[in-house]
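Notes follow the structure.
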Amino acid sequence: MTKLMPQLIDRLEALPDAEQDALPREFLSVLEGEVYVLTPEQKEEVRKALEDGEPNASPQEVEAFFARFRG
């Protein structure tokens, strides 16, 4: 394992449980060749969500968000 991987794991472990599951799941999908390109509208939605000051999404909201990209 490279020196960067333990840093990544440490940062993942510091995240809320829902994000600890969601981010690696998405990383695995990229490794499996499932790459998603956001539309300009989706990028704008993400930008607004990051800037609105609201708390992190619930596990259900995270799953619903990523389910939209799975088809």
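The values are calculated or read from the model by the stated rules, or taken from the named source; none is laboratory data. Bear in mind that the values here come from a model prediction, so they are computed numbers and not experimental data. Note: ideal-geometry Cβ built from the backbone for every residue, glycine included; neighbour counts use all protein chains shown. Quick note on the areas: whole protein, heavy atoms, side chains included, nothing else; ligands and nucleic acids left out. Shrake-Rupley method; radii C 1.70, N 1.55, O 1.52, S 1.80 Å.
Structural remarks
- Longest site-free stretch - the chain; sites: trypsin sites (Lys or Arg not before Pro), DSSP loop, at most 15 other Cβ within 10 Å: 4-67
- Annotation for segment 27-71: GluC sites (Glu not before Pro) lying in DSSP loop with at most 10 further Cβ atoms inside 10 Å of their Cβ are E32.
- Range in the chain, longest, excluding exposed chymotrypsin sites (Phe, Trp or Tyr not before Pro) [loop by DSSP; at most 16 other beta-carbon atoms within 10 Å]: 1-35
- Separation of the L12 and F65 label points, Cα + 7 Å toward Cβ, nm: 1.8 nm
- Local electrostatic count, D17, Cβ distance below 14 Å [Lys/Arg +1, Asp/Glu -1]: -4
- Taking 0.36 nm per residue of sequence separation and removing the Cα-Cα distance, the L38/E19 pair yields an extension gain of 4.9 nm.
- Heavy-atom surface analysis with a 1.4 Å probe gives the chain a carbon and sulfur content of 59 percent of its accessible area.
- The chain: projected area of the alpha-carbon convex hull, averaged over directions, in nm²: 5.9 nm²
- Taking each residue as 0.36 nm, the span from E54 to L4 lengthens on full extension beyond its C-alpha to C-alpha distance by 14.9 nm.
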